[in-house]
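The values are calculated or read from the model by the stated rules, or taken from the named source; none is laboratory data. Everything numeric in this text was worked out from a predicted model, so none of it was measured. Note: ideal-geometry Cβ built from the backbone for every residue, glycine included; neighbour counts use all protein chains shown. Only protein heavy atoms, including side chains, enter the accessible area calculation; ligands, DNA and RNA are left aside. Shrake-Rupley method; radii C 1.70, N 1.55, O 1.52, S 1.80 Å.
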Amino acid sequence: GSWASDHAEGSLVRAWTVWNRFFNHLVDDEVLNRNPMKSVPKPKLPQTAPRSIRHDNPAALLMATAATVDARAKTTKRWPERDVALVATFCVTGIRLSEAVSLNLHSITGPVGDRRLQVTGKGKKDRAIQL
């Protein structure tokens, strides 16, 4: 059969993207006048719902996993405390990754016992999360 019939949807999208970028590069370098991938429809990935973690205590499992050093890591620098703090923040607050990236020490406000986490969400909307 054809190459496309023997590969997963994700592989098809990845291959289309690689070829598209390659041809864009050739157009930028004036080797080609136009990108022929414009006439090839981009494959679509089917929408899938996220899978839940099946465990008696998923938060504890995530915390333990974050605190474990991965022997397969390519770098010797490890910071499990940061990973545990991020996982705990995600579990407790439900914030998005994009919101977590912008956090700093000034994001934590309020007196002890009434702390809030100030995050900027979608549409640049600020919100406070009770900790």
*Please give, to one decimal in nm, the separation of the simple spin-label points placed at residue 14 and residue 101, each 7 Å out from Cα toward the Cβ.*
2.2 nm
*With a bin width of 10 angstrom, please list the P(r) values of the chain as percents of all Cα-Cα pairs, from the 0 bin to the one holding the largest distance.*
10, 22, 22, 25, 17, 5, 0
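Return the calculated 222 nm mean residue ellipticity for the chain, to the nearest 500 deg cm²/dmol, obtained by summing -39500 (n - 2.57) across DSSP H runs with n ≥ 4 and dividing by the residue count. Working shown, then result.
Numbers: 4 runs with 49 residues, N = 131.
Result for the chain: -11500 deg cm²/dmol, rounded to the nearest 500.
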*For residue 124, list the aspartates and glutamates whose Cα falls under 17 Å from its own Cα; do not include residues on the same chain fewer than 8 positions away.*
99
*Distant-in-sequence amide H partners of residue 32 (H built 1.01 Å from N, under 5 Å)*: 27
*Would you mind computing, in nm to one decimal, how far apart the modelled labels at residue 93 and residue 59 are, each placed 7 Å from Cα along Cα→Cβ?*
1.5 nm
*asked:* How much accessible area per residue does the chain have, counting only protein heavy atoms and a probe of 1.4 Å, in square angstrom?
replied: 83 Å²
*What is the helix-to-structure angle for 9-28, meaning the angle in degrees between its Cα long axis and the longest Cα principal axis of the chain, kept from 0 to 90 and rounded to the nearest 10?*
70 degrees
_Show me the ranking of peptides 52-64, 10-22 by mean Cβ neighbours inside 10 Å, starting with the highest._
10-22, 52-64
*Please identify the trypsin sites (Lys or Arg not before Pro) of segment 71-115 that satisfy two criteria: DSSP loop assignment and at most 14 other Cβ atoms within 10 Å. Which are they?*
72, 74, 77, 78, 96, 115
*Find how much the distance from residue 21 to residue 49 grows on full extension, using 0.36 nm per residue of separation minus their present alpha carbon separation; answer in nm with one decimal.*
7.2 nm
*asked:* Distance between the C-alpha centers of segment 1-37 and segment 46-98? Whole Å please.
replied: 34 Å
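How long is the gain from residue 38 to residue 81 if the chain were fully straight, where each residue apart is worth 0.36 nm and the alpha carbon distance is subtracted? Each step should come with its number before you reach the end.
Working: separation 43, 0.36 × 43 = 15.48 nm, distance 4.65 nm.
10.8 nm is the gain from fully extending residue 38 to residue 81.
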*asked:* Taking the alpha-carbon distance from residue 42 and a cut-off under 20 Å, which aspartates and glutamates remain once sequence neighbours fewer than 8 residues away in the same chain are dropped?
replied: 6, 9
_In degrees, nearest ten, helix 80-93 long axis to first principal axis of the chain (Cα)_ = 80 degrees
*Top of 94, 113, 121 by mean-square fluctuation, Gaussian network on the chain, Cα under 10 Å*: 113
*Modelled label-to-label distance, residue 114 and residue 6, 7 Å Cα→beta-carbon offset: nm?*
6.8 nm
